[in-house]
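Notes follow once the structure below has been shown.
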Amino acid sequence: MTLEPMPIDTAVNSEEPAQANVLVVDDRPDKLFVFRTILEELGHNVVTVQSGESALRWLLDNECAVMLLDVNMPGMDGFETAELVRGRRRSSHIPIIFVSAHPEGIHSTRGYSLGAVDYLPSPVAPNVLRSKVTVFVQLYNLTRQIRRQADERIALVREQAARTAAEDAMRRARFLAEASKVLSSSLNLSSLMVGATRVLVPTLADFSAMTVADGETTLVRTACRADWNLDESRIAITQETRWVSATNQVIASGQPARIDDFTAIPVAHMLTAESNGSADFARQPWPAQNILMLPLVARDKIHGVIAFGVAPVARQFSEDEMALATDIASRIAVAVDNCLLFKEIQKGDQRKNEFLATLSHELRNPLAPMRTAIHALHLSGQWPAGSHELREMFDRQLAQLTHLVDDLLDVARITQGKIRLRRVPTDLLVKLTDALESTRSAVEAAGHQLSVNVPAWPVLVNGDPVRLQQIIENLVFNACKYTEPHGRIDVSLSRLASEAVIRVRDSGIGIAPAMLPKIWDMFTQAEEASDRARQGLGIGLSLVKNLVHLHGGSIEALSGGIGEGSEFVVRLPTLIEGQEETEPPSTQVLESQTTAKDLPTPARKILVVDDNVDAAESLKLLLAVYGHDVELAHEGITALQVAWTYNPDVIFLDLGLPGISGYEVARRLREEMTFTKVKIIALTGYGTESDQLRSKAAGFDRHLVKPIDPSVLPKVIADVFQD
């Protein structure tokens with residue numbers, strides 16, 4: 001059999017073929033030399049070995065284009081060698097050409113049965129040998145090139161698949177990032193639902209709808225979004241029976257559901273256009289074909305359903321889309337859960353604020369008559385002789401209780417955003433002096449030494465004088481409360497650059513490092529506090545922090561730890577830029593200021609209207625001591641009747657009366673010419689800004705908040721007649 005060299009297809013063999021190995025196996029060195037000499041001019045790598053064993057060892061690590069194998073060799077002959085070569089997977093494909101001096105008929109049959117591709121008699125003809133070897137080398141190179149091209153194609157396919165997967169992963173990551181941004185942008189449930197349905201279309205679906213349900217699986221809200229070339233109109237699903245039934249099923253079972261073939265349902269029956277309300281739009285059929293509904297589950301609670309729809313009829317959800325839809329549904333569920341939790345927190349906070357406001361108002365009612373009665377007894381000389389200390393104790397405790405009630409009301413106002421600062425240029429030195437005078441009785445009762453370090457010139461800020469004094473008072477009260485008797489309290493005021501700095505330091509129990517961040521929380525008290533210190537409500541520092549922040553300032557708490565005392569530092573922006581200190585501050589212990597005497601006023605006819613009988617009676621007693629003639633009424637209609645017959649000069653009028661309110665009483669009185677000049681003063685537990693504006697609109701001349709300081713009543717009556 002003669003094989004001719006085959007032409008190389010340039011389309012396939014576009015590159016220079018690599019050098020191939022030609023393995024020659026013969027036990028005679030002279031024959032190996034002849035083979036090498038004949039084949040060298042082909043330019044291939046001729047490998048020669050002298051035994052079958054050596055050939056098998058070489059083939060363990062190498063491959064060849066063709067193998068020339070001598071049949072007759074000592075030890076392992078050519079046939080045994082060929083059989084072992086063919087038995088190995090790595091070398092089973094190698095073309096074997098047997099070389100033998102024996103007659104061809106004897107060995108050729110066995111050789112071909114062992115997989116030989118050709119048979120050459122020895123000695124070999126050089127041209128024939130070169131021709132046969134060239135053919136098999138060409139076949140080898142072509143096979144190797146085809147294999148390489150196949151590997152390249154496989155690698156290319158894998159690279160393209162990897163690139164596609166990477167692009168899909170990137171798109172998925174971008175989508176999830178955008179979705180997470182939308183889902184975390186608001187704690188308002190309605191905004192979340194609109195944003196969630198918008199971000200899903202058209203990236204994940206042609207239509208998306210989201211339903212949130214209450215605990216009884218009643219549909220409470222649905223937001224939809226569609227992208228069907230309808231000007232991206234937003235749509236809302238009404239109570240369509242099939243949709244509601246499927247949604248309730250998902251909410252009840254917590255399992256996904258599908259709705260197929262919705263194209264037959266007219267949009268007019270299910271959807272309403274919010275963007276243009278077009279009748280043509282309303283008559284179009286709904287093109288969503290396949291609807292996937294997934295439950296929104298978070299913390300083992302089913303909050304609702306997110307629906308994904310695809311259109312037209314040809315499209316189905318792929319596995320990747322299903323996985324992505326499940327992922328985004330879990331994220332939406334967490335976001336919905338956060339919104340619902342925030343809503344519950346808001347409701348609880350609102351209930352708390354309403355409770356605080358109601359509590360503070362209700363506490364004012366018993367405070368007012370007690371404070372008024374004590375003051376009346378003192379002025380009338382009916383207070384028991386030798387009980388001066390007892391009266392001072394009553395005054396201190398009532399003042400403390402009034403302070404706590406005021407704090408409660410202020411906290412409720414701040415948390416509801418109802419506090420409005422009345423800013424005016426204010427000298428902090430004056431407010432600090434007033435605050436220390438107000439807290440003097442508490443400091444002296446505890447036996448504390450009070451040291452005050454203040455500058456000798458004004459420190460001006462733009463603030464609310466009442467609130468600024470309240471800040472300092474609360475810090476001093478706090479220092480008194482958490483300092484054991486006979487301790488030391490240092491109060492200082494200074495100006496640094498453009499800031500006014502107030503420092504209140506005490507030698508008290510100190511604050512543990514772990515407790516420092518928590519002291520600003522409402523109702524928080526130091527664990528190390530004594531029973532005496534724990535008698536407060538734990539709202540003073542929370543109130544101070546809020547008031548300081550409303551003034552654009554900052555507050556800091558410092559302590560070396562338990563037993564090391566505490567220091568509170570308040571920084572407020574000053575009113576005048578560049579103000580500098582030119583004189584050294586003075587250190588002093590403030591002395592008590594002389595209390596101004598009650599202003600003498602002419603006797604007036606006064607009508608007191610209050611449904612709290614004790615408050616009305618005690619106020620009547622006090623006003624009588626001041627020399628006024630007083631009548632009482634305990635409800636709105638009675639107040640109008642008494643006013644007609646009594647014709648008062650002044651009316652102290654409670655707002656929360658049975659029957660008709662104090663606002664209505666004032667309005668009716670102002671409508672009558674007889675009462676246009678009468679002075680009407682609101683005396684009530686309601687003291688918000690809106691309450692005061694409402695009373696002014698009703699015709700009141702003053703608005704006083706219970707419990708009023710009894711000593712200021714003469715001045716109030718005098719002032720109201722000077723307007």
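Listing for the model above:
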quantity: Gained length - ARG86 relative to ASP349, 0.36 nm times residue gap less alpha-carbon distance; calculated: 86.0 nm
quantity: Extension gain (nm, one decimal) between SER554 and ARG147, 0.36 nm per residue minus Cα-Cα; calculated: 138.9 nm
quantity: Label-point gap, in nm, between ASP260 and LEU187 - each point 7 angstrom along Cα→Cβ; calculated: 4.5 nm
quantity: Ordering of 160-172, 702-714 by burial proxy (mean other Cβ atoms within 10 Å per residue, highest first); calculated: 702-714, 160-172
quantity: By average C-beta atoms within 10 angstrom, highest first, the peptides 38-44, 253-259; calculated: 38-44, 253-259
quantity: VAL569-ARG667 FRET efficiency (beta carbon distance; Förster radius 56 Å; 0.05 resolution); calculated: 0.65
quantity: Cβ crowding within 10 Å averaged over residues, with 138-148, 332-342, 114-124 ranked highest first; calculated: 332-342, 114-124, 138-148
quantity: Where segment 136-211 is the region considered: accessible area per residue in Å², 1.4 Å probe; calculated: 55 Å²
quantity: Förster radius 25 Å - calculated FRET efficiency between MET322 and GLU167, Cβ distance, rounded to 0.05; calculated: 0.80
quantity: Extended-chain gain in nm, criterion 0.36 nm per residue less alpha-carbon gap, ARG28 and ARG110; calculated: 27.2 nm
quantity: At R0 = 51 Å, FRET efficiency that the Cβ-Cβ distance of THR645 and ARG422 yields, to 0.05; calculated: 0.80
quantity: All lysines inside 29 Å of LYS518 as judged from Cα atoms, apart from same-chain residues fewer than 8 positions distant; calculated: LYS343, LYS347, LYS352, LYS418, LYS431, LYS481, LYS545
quantity: Label-to-label distance, nm, for residues given as LEU156 and LEU42 (7 Å Cα→Cβ offset); calculated: 3.2 nm
quantity: Sequence-distant lysines (8 or more away, or on other chains) whose Cα lies within less than 18 Å of LYS605; calculated: LYS620, LYS677, LYS679, LYS715
quantity: Backbone N under 12 Å from the LEU120 label point (7 Å along Cα→Cβ), restricted to segment 53-83; calculated: 66-70
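The values are calculated or read from the model by the stated rules, or taken from the named source; none is laboratory data. A quick note: this is a predicted structure, and the numbers were derived from the prediction, not measured. Note that each Cβ is placed from the backbone with ideal geometry, even for glycine, and that neighbours are counted across all protein chains shown. Protein only, heavy atoms only, side chains kept; ligands, DNA and RNA dropped before computing areas. Shrake-Rupley method; radii C 1.70, N 1.55, O 1.52, S 1.80 Å.
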